[in-house]
Amino acid sequence: YGSLDTMDLVYKEQLDMGIVILSETVDNRFHILPTKRLQLVYCVDKAHPLAGRPKVTLRDLRDEKIIVMRSTSYSLGKMVIDAFHREGIEPNIQLHSSQLMLIQQNIHEGDAGAFLLEDILPYMPDTAGIPIDPPIWVNPGVIWKKGTYLNSSASNVLDFINSHLSKI
């Protein structure tokens, strides 16, 4: 699910809480716990010609085949597409997917590169993550509906997140 879908499920009380991309779309119906600010990186196979570059611009990527996260709602994919459009570039998108295994497979087959959060790279050992210049930052956070009771398990999750945020 994208952030808007998640917010809708939390508001309808089908979820106790959700992790979303914090943006102008998160409104006063929710309590918000911001988490760690993350950078999007352009991910390619370590054998890809761009793999050794210290950074890339969106102009550098205008002819590259690109995979983006599903963009049916406010999501990482929408952020990437909007960034390209602000530069006057129509990205060469080959695939919209929320399936990391499929994205990883396409990266390693050399079919395309993908925009992913930098924190996922330790779990993708044959993947090179190249920083974007200027950076594309993502501000995720946990939301829960105001005026609803959080059970002890949900409260424990929030306490855990809070305690680990202070160590970042």
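The values are calculated or read from the model by the stated rules, or taken from the named source; none is laboratory data. Source: prediction; values computed, not measured. So basically every Cβ, Gly included, is an ideal-geometry build from the backbone, and we count neighbours across all protein chains shown. Ligands, DNA and RNA are stripped out before the accessible areas are found, and what is left, the full protein with its side chains, is counted by its heavy atoms. Shrake-Rupley method; radii C 1.70, N 1.55, O 1.52, S 1.80 Å.
When the range 1-94 is described by a simple charge dipole with +1 on each Lys and Arg Cβ and -1 on each Asp and Glu Cβ, the residue from VAL10, LEU40, ALA83 located farthest towards its positive end is LEU40.
Return the carbon/sulfur percentage of the accessible area of the chain, one whole number, probe 1.4 Å, all protein chains in place.
Here carbon and sulfur together make up 52 percent of the probe-accessible area.
Sequence-ordered 3J(HN,Hα) estimates for the range 144-150 from the Karplus curve with 6.51, -1.76 and 1.60 and θ = phi - 60° stand at 8, 6, 5, x, 10, 7, 9 Hz, glycine and proline given as x. Counting only other residues whose beta carbon sits under 12 Å from that of GLU109, what net charge do I get with K and R as +1, D and E as -1? Within the 12 Å Cβ shell, the charges total -2. Taking amide H as placed 1.01 Å from N in the peptide plane, the amide H of ILE136 sits under 5 Å from that of LEU40, each at least 5 places away or on another chain. What do you get for trypsin sites (Lys or Arg not before Pro) in the range 1-69 restricted to DSSP loop and a cutoff of at most 14 other Cβ within 10 Å of the site's Cβ? Counting only loop positions with at most 14 other Cβ atoms within 10 Å, the trypsin sites (Lys or Arg not before Pro) in the range 1-69 are LYS12, ARG29, LYS36, ARG37, LYS46, LYS55. Available extension along the chain between ASP27 and ASN92 is 20.1 nm, counting 0.36 nm per residue and deducting the alpha carbon span. Overall, the chain carries a charge dipole of about 360 debye about its Cα centre when +1 sits on the Cβ of Lys and Arg and -1 on the Cβ of Asp and Glu, all other atoms neutral. The chymotrypsin sites (Phe, Trp or Tyr not before Pro) of the range 122-168 that meet both conditions, a loop assignment by DSSP and at most 11 other Cβ atoms within 10 Å of the site Cβ, are TYR149. Taking label points 7 Å from Cα along the Cα-to-Cβ direction, LYS36 and LEU150 give a separation of 2.0 nm. Lysine pairs in the chain whose alpha-carbon atoms fall under 19 angstrom of each other, counting only those eight or more residues apart or on distinct chains, come to 7.
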